[in-house]
């Protein structure tokens, strides 16, 4: 049903690729359900661990191990996608996330071993899905209007990112954080169902090929992806911890509602910016959007360190979501073009997944060191200053698409 609604909504606006639009509609529908499942819990896992007695330093170490693990399994995940196809990978990903959501609520009773198992399932699921989604979408996109298609996919993500944390927060407040995880498990079970009305978009039984890989056109974007990963970890888990520890406090389960509300204020700005930036990309101005977006994102990291009120958090979240949307959409468009011209789509995107997690791991280890020596709040503040500089690396991508 979701797929049919999306198809009817966009069919007239996407007349240029009607013959294959069903493939894009499947991705939209699947992405919608997965993002709802992911976002009703993603922002709350670290808080749940903190309430369960784990220190901020310990939580940063846990995420460090998580990102390293994801980086190590990126190439095996890429091999699976090359052999069986990205749709099969996304199906497997949805199933793998379910044990994680079932096991995490048991952490307060069982302790560290069950958490390691839960995050192992979650990491494998996230890595498999991220890679397979990029392979699938990069293949079925329209070359001429990829900006619009990325924009609409981004709109779906932002709608769910705006609504889901508040819904998850309300559910956590009324029934406990464990209930949000169980609800997410159910949604993950259905998230891959829309994908199998058409066949795999790439030839299956492929192998990853590194001999003859065009490193010359890929290495700048691979390095820049490290900046994206650092930004991802800092703006996500670590910023959430700072909000709770330094601004909201941990007064019962109502913290989930407060946090969900602060994360949900981004929805209107995200919708407008996604549409606008999609048009900018299709007008061949994606290179400028990437550079200015990265610079503006750097400024928002600095501003995090001086934020002291919930109103300030809300305003900064809106600003950060806008600029992050801009640089990320331009980066993804350039990445898709590089995947096309490389001749080794799965290999390239697998390497990009590794570098994403390298950057996120660097953010986690920086947070651990700073928190250990300076304390929770001061350590996280200094992390934001480091992020302001490190994430500028993203602007060095030099995609060929933007050099024409």
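The values are calculated or read from the model by the stated rules, or taken from the named source; none is laboratory data. These numbers come from a predicted model, not from an experiment. When we count neighbours, we look across all protein chains shown, and the Cβ atoms used for this are built from the backbone with ideal geometry, even at glycine.
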Filter the stretch 296-310 down to the residues that are surrounded by fewer than 19 Cβ atoms within 10 Å (Cβ to Cβ) and under 20 Å from the mean Cα position of the chain (by Cα) and list them by number.
296
Every pair of residues 6+ apart whose Cβ atoms lie under 6 Å, when the first sits in the stretch 313-340 and is in contact (Cβ under 8 Å) with a residue 12 or more places away in the chain and on the phi > 0 side of the Ramachandran plot while the second is surrounded by 21 or more Cβ atoms within 10 Å (Cβ to Cβ) and assigned to a helix (DSSP H, G or I):
none
Among the residues listed as 131, 95, 112, the single one being closer than 30 Å to residue 75 by Cβ, crowded, with 24+ Cβ neighbours inside 10 Å and modelled with pLDDT of 75 or more:
131
Given the conditions (1) under 17 Å from the mean Cα position of the chain (by Cα); (2) over 18 Å from residue 232 (Cβ atoms); (3) at pLDDT below 85, and given that residue 270 satisfies all but one, which numbered condition is not satisfied?
(2)
